[in-house]
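Beneath this line is the structure, given in structure tokens, with notes to follow.
Taken together, the values in this text are just the output of simple stated rules run on the coordinates, not laboratory data. Small disclaimer: the values here were computed from a predicted structure and weren't measured. Heads up, the Cβs are rebuilt from the backbone with ideal geometry, glycines too, and the neighbour counts pull from every protein chain shown.
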Amino acid sequence: MLDECIGDLSLTEIQAQPFASEKHASLCRFMMFITMNFSDPLAVASIGGLITLTGYFISNGLERSRTIRIREMEFKLAQYKEFLAALTEQHGKYTYETHVRFVNSMNAILLIAEARLLYDVKDLVDNYNDAEGTDDRSWEIINRIIYSMRCDLGAKDAKKLAGFEFPIIVPDLERLRENEEEQADNGPVSDVH
């Protein structure tokens, strides 16, 4: 390609040479710059070093971005697990401490969640503060919250679960009380038959 640009011309003749296109002219000028100012091995080494350096920065940037995304997902997962644990604990034993834990877990979600999840949390708070809010409505909203959490975490099958009723297991207080009363009346109950 360089021979095609230069041929047997001198530097002044090269600068005065008309080129077929501006693109072709730019390429020829770049190649002349490399060959006139550098020896061939030095030019190749410089270009190779530049490409290697560029590749390093691109690779490093992608890896850093990936690491940040992984840490963000780990943090979100920990917060969502805390929310579910606090929900279960509050349902099983409603005390000031369990309620504060649940409220704190919901407030933490406000800082990290995607928009859809924030709207679901707001619906839950509104239902809780509404005098006509019901437990059944709360469970419907909690079901939506779990779906939104799965979507926010990027679960591959999340979209398939739209409308799915998640089997949320919480302590059955009535059953626990019956067992405690039975144990008080008859002694410890054995599961072995």
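Descriptive notes on the structure:
- Residues ASP152, ASP126, ASP185, sorted so that the one with the fewest Cβ neighbours within 10 Å comes first: ASP185, ASP126, ASP152
- Under the simplified labelling scheme, the GLU165-ARG66 pair shows an inter-label distance of 4.2 nm, with each label point 7 Å from Cα along Cα→Cβ.
- Estimated distance in nm for a label pair at ALA131 and LEU118, the labels positioned 7 Å out from Cα along Cα-to-Cβ: 3.1
- Listed peptides 136-142, 110-116 appear in the order 136-142, 110-116 once ranked by packing, highest mean of other Cβ atoms within 10 Å at the front.
- Label sites at GLU74 and LEU110, each approximated as a point 7 angstrom past Cα along Cα to Cβ, lie 2.8 nm apart.
- The packing ranking, built from the mean of other Cβ atoms within 10 Å per residue, places the peptides 48-57, 86-95 in the order 86-95, 48-57, highest first.
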